[in-house]
1. Check every one of the helices (runs of 4 or more DSSP H) wholly within the range 1-119 and list those with 1 or more residues that are out of contact with any strand residue (DSSP E or B) (no Cβ under 9 Å at 6 or more places or on another chain) and touching a residue at least 40 places away in the same chain (Cβ under 8 Å).
2. Could you grab me the full set of residues in the range 120-143 that are touching a residue at least 40 places away in the same chain (Cβ under 8 Å) and in a helix (DSSP H, G or I)?
3. Identify the single condition in (1) surrounded by 20 or more Cβ atoms within 10 Å (Cβ to Cβ); (2) not in a helix (DSSP H, G or I) that residue 147 does not satisfy, given that it satisfies every other one.
4. Among the numbered criteria (1) farther than 20 Å from residue 188 by Cα; (2) surrounded by 13 or more Cβ atoms within 10 Å (Cβ to Cβ), which one does residue 133 miss?
5. Within the range 152-229, considering only strands (runs of 3 or more DSSP E) that don't extend past its boundaries, which have at least 1 residues that are surrounded by fewer than 17 Cβ atoms within 10 Å (Cβ to Cβ) and in contact with a strand residue (DSSP E or B) (Cβ under 7 Å, 6 or more places away or on another chain)?
6. I'd like to check something: does the range 99-111 contain any residue that is surrounded by fewer than 15 Cβ atoms within 10 Å (Cβ to Cβ), under 18 Å from residue 52 (Cβ atoms) and under 14 Å from the mean Cα position of the chain (by Cα)?
């Protein structure tokens, strides 16, 4: 479970401080799919960085399963990210010189998984997103939708409890967007993930269990939790 209390984030810029998050309170139960929607520049990606331990708030607490990411050492935060949190981004962030299989395996290297087990788990992860026949292909040999499937497999190969997705369909055409969301939704259901999706697309956000809107660094509930089973 995530519990955020009084989270504020200010960035210093040449033109003065920018308030990205403003006294934000949020609870995300285990296994929930939460969509955070809103226009660009309202703090959505900053919130996701806080949830992933990639950045720290100026004030407040970001607690994941008893660990306050706002105050944890970098080593503790790094270990938690490596084991418990998977990330999917708008830009696929694949290594261009590695095959799909090898890109997925990279997520297991920090966990010191043996090479033979890495290969087996990466193959299983690619199969779960329907890309067994593309395992040896380089990113340049894959479509945008296929590259995002590889990125999803890489995020989930370590069996995290949390999946954080920042505009995961932003670089895809309409048909491919729906295909990718179907993959993510199926994996959320099958694995019982806590899934936080940031998007400006209302159609994509409407698929989630719960939706909130972010404006000027503050959250507003836009829809009550519904049964998505």
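1. Answer list for the range 1-119: 74-84, 100-105.
2. Within the range 120-143, 128, 139, 140 meet the criteria.
3. Residue 147 satisfies every listed condition except (2).
4. (2)
5. 218-223
6. So far as the range 99-111 goes, no, none of its residues is surrounded by fewer than 15 Cβ atoms within 10 Å (Cβ to Cβ), under 18 Å from residue 52 (Cβ atoms) and under 14 Å from the mean Cα position of the chain (by Cα).
Computed from the coordinates by the stated procedures, all read-outs in this text should not be read as laboratory data. No experiment lies behind these values; they were computed from the predicted model shown. Positions of Cβ are backbone-derived with ideal geometry, glycine not excepted, and every protein chain shown enters the neighbour counts.
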